[in-house]
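Visitor: This is the structure, below, for whatever I ask next.
The values are calculated or read from the model by the stated rules, or taken from the named source; none is laboratory data. Here the structure is a predicted model, which is why all the values come from computation and not from measurement. When we count neighbours, we look across all protein chains shown, and the Cβ atoms used for this are built from the backbone with ideal geometry, even at glycine. The protein model used for the area step is the full one, side chains on, heavy atoms only, and it has no ligands, DNA or RNA in it. Shrake-Rupley method; radii C 1.70, N 1.55, O 1.52, S 1.80 Å.
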Amino acid sequence: MKKIPHTLDTLSGLMIFQISGIEFCADLKEVLTVLKPVDVDLTPEELLSSKKKIRYRNFLIPVIPIHKLLKLNRKVPGSDSRIIVIEISEKLIAFLSDKIIEILTIDPSVINNIKITEETTDEMIRAHLEFEDREVLLPDYRKIYSSTFMQV
């Protein structure tokens, strides 16, 4: 069973987004910004590949091919597509999502209604969250970072 560094009582909110028809999430405390693809100097194909970087303020942020790491089909960016920039362990990464579904604040009174399942068969998924008759996957952004940049 995987150990989740987050516990439900430390989550203040989630950004829920979609990639290839599947809902994923990120802890709002880790989301630095969300950008439109037209706001960066990369072609749609470059946004889907690895080894590219976007400039945000004074930072060059690597674009992670998250769809590839999660074994999902690529989708050419559309008008709803967004680039999500996340800070993990003092490092910034960016990846392309098909669209942002919602920003969900977590009221302490509803925490008991959210079920976290830590067991997963995919090493890139940290946990499954179940609430409101839906399942949302929480990627392991640290593993995604290390698998992208620690390869020989």
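Visitor: Can you confirm whether residue 47 is open to solvent by 30 Å² or more (accessible area, probe 1.4 Å), touching a strand residue (DSSP E or B) at 6+ places or on another chain (Cβ under 9 Å) and either within 20 Å of residue 149 (Cα to Cα) or of a type in the set (Ser, Thr, Tyr) (or both)?
Guide: No, not satisfied.
Yes or no, residue by residue, for (1) modelled with pLDDT of 90 or more; (2) among the small types (Gly, Ala, Ser); (3) over 15 Å from the mean Cα position of the chain (by Cα):
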position	(1), (2), (3)
12	no, yes, yes
16	yes, no, no
32	yes, no, no
42	no, no, yes
50	no, yes, yes
70	no, no, no
78	no, yes, yes
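Visitor: OK, next. Take the residues in segment 110-123 that are out of contact with any helix residue (DSSP H, G or I) (no Cβ under 8 Å at 6 or more places or on another chain), modelled with pLDDT of 65 or more and open to solvent by less than 100 Å² (accessible area, probe 1.4 Å), then tell me which one is farthest from residue 148 (Cα to Cα).
Guide: Looking at residues that are out of contact with any helix residue (DSSP H, G or I) (no Cβ under 8 Å at 6 or more places or on another chain), modelled with pLDDT of 65 or more and open to solvent by less than 100 Å² (accessible area, probe 1.4 Å), I get 117.
Visitor: Any residue at all in segment 58-78 that's in contact with a Phe, Trp or Tyr (Cβ under 8 Å, 6 or more places away or on another chain), within 20 Å of residue 13 (Cβ to Cβ) and open to solvent by less than 50 Å² (accessible area, probe 1.4 Å)?
Guide: No.
Visitor: A further question on this structure: Restricting segment 123-137 to residues that are of a type in the set (D, E, K, R) and assigned to a strand (DSSP E or B), which is nearest to residue 27 (Cα to Cα)?
Guide: The extreme case among them is 126.
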